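Input: a single structure, listed below in structure tokens.
The values are calculated or read from the model by the stated rules, or taken from the named source; none is laboratory data. For clarity, every value in this text was computed on a predicted model and none was experimentally measured. No Cβ is skipped: glycine too gets one built from the backbone with ideal geometry, and neighbour counts run over all protein chains shown. These area figures cover heavy atoms from the full protein model, side chains too; ligands, DNA and RNA do not enter into them. Shrake-Rupley method; radii C 1.70, N 1.55, O 1.52, S 1.80 Å.
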Amino acid sequence: MDIKKSIEDHLIKIEKKFNSNKIQGVDIINITQSKQLNLFIMKNLYDLWAINFKKNKIKYFNYDSTEVINATENMMNTLSNNISIEHNDFKILFEKAFQNLMQLAEKPKEFIKRDLIISKWHDAETLKKRSKYFKYYNELFIILINKMKENNEISLKSSELINYVDDITIDIDESLINEVCNLIDCTKEELVTSSERTYSDYSSFSLDKKEVDNLMLQACSKKSFEEAALFILEYLKTNHDNKLSIEDIRKLLYDLKENLSLSS
């Protein structure tokens with residue numbers, strides 16, 4: 001199973017189809033046979049816009065006012081109808097979306113939790129909007145929305161929301177597996193044989209696998225190793241009362257470094 005070659009083959013077909021013309025938003029919706037892949041390209045475009053918008057906020061303005069929120073929504077809707085991408089830039093978006101598709105097929109729960117971590121907070125509306133980018137596992141977002149309503153929660157930190165995801169059974173979607181196998185011309189066995197990431201044993205200081213998984217998930221969403229390491233140290237100080245040896249901390253930071261290298 002040669003993922004790199006499969007990506008290159010699809011990009012060659014796309015480049016031939018559009019020749020020297022830029023790729024428009026209306027093209028992306030049906031740019032490959034995989035609807036989920038096409039949706040992930042759109043999702044990643046939206047995430048880039050949202051990150052850039054947040055990064056360029058100026059402290060003198062109230063971005064939480066209803067008027068500004070509505071204007072921002074209108075601007076995003078307008079931009080989504082005016083997408084125009086050069087082929088070299090599209091390659092980067094395509095490769096990332098392709099990898100996202102593989103991750104969703106192989107490890108849906110891990111991918112969805114990592115996707116939710118992108119935003120610090122979620123409410124029913126943000127989850128509903130997020131669900132539109134998922135052809136598969138769309139029902140999971142409905143479960144999360146209903147869970148928040150049951151608990152009378154207007155909004156929830158993503159770090160707390162992923163605990164809800166942990167409690168939901170998520171099975172491998174056979175239709176998605178078939179879609180990916182057809183896309184990259186491989187068998188189901190080839191697709192699902194990727195090894196699980198493993199961590200050190202932290203049971204000696206009350207860290208089970210789920211806690212480690214979620215801790216690493218949040219740490220790996222940080223911008224640098226230094227920021228991620230600081231996040232872990234602060235978490236341990238708050239939740240485990242500094243009852244850790246130097247060796248315990250070293251094991252955690254080693255796992256962090258390994259995970260960051262796998263994610264890059």
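Built from the Cα atoms of the range 31-87, the convex hull projects on average onto 5.0 nm², one quarter of its surface area.
Taking all protein chains into account, the per residue accessible area for the chain stands at 61 Å² (1.4 Å probe).
Pairs with C-alpha atoms separated by more than 25 Å, drawn from the list 223/251; 5/257; 13/54, are 5/257; 13/54.
How much of the accessible area of the chain, in percent, comes from carbon and sulfur atoms when a 1.4 Å probe is used? Taking all protein chains in place, the chain shows 50 percent carbon and sulfur surface. Kirkwood radius, the chain, all distinct C-alpha pairs, inverse of mean reciprocal distance: 20.6 Å. The chymotrypsin sites (Phe, Trp or Tyr not before Pro) of the range 1-69 that meet both conditions, a loop assignment by DSSP and at most 14 other Cβ atoms within 10 Å of the site Cβ, are 60, 61, 63.
Would you mind classifying the range 88-160 by shape? Square roots of the alpha carbon gyration tensor eigenvalues, ordered a ≥ b ≥ c; an a/c under 1.5 is rounded, otherwise it is prolate if a/b is larger than b/c and oblate if not. Taking the square roots of the gyration eigenvalues as a ≥ b ≥ c, the range 88-160 is prolate. Legend: helices of the chain (whole DSSP H runs) are marked when their alpha-carbon atoms reach 20 angstrom or more along the helix axis and their mean Kyte-Doolittle hydropathy is at least -1.0; marked are 3-18, 35-55, 66-80, 87-106, 225-240, 246-263. Restricted to Cα atoms, the range 1-103 shows a radius of gyration and a Dmax of 16.1, 52 angstrom. Pairs exceeding 25 Å between alpha-carbon atoms, taken from 55/210; 91/132; 135/222: 55/210; 135/222. According to the Cα-based calculation, Rg over Rh for the range 36-163 is 0.97, with Rh computed by the Kirkwood formula.
Candidate cross-link partners of residue 22 among the aspartates and glutamates, defined by an alpha-carbon separation under 16 Å and a same-chain spacing of 8 or more, comprise 86, 89. GNM remark for the chain: springs join alpha carbons under 10 Å apart, and the peak mean-square fluctuation among 107, 59, 149 falls on 59.
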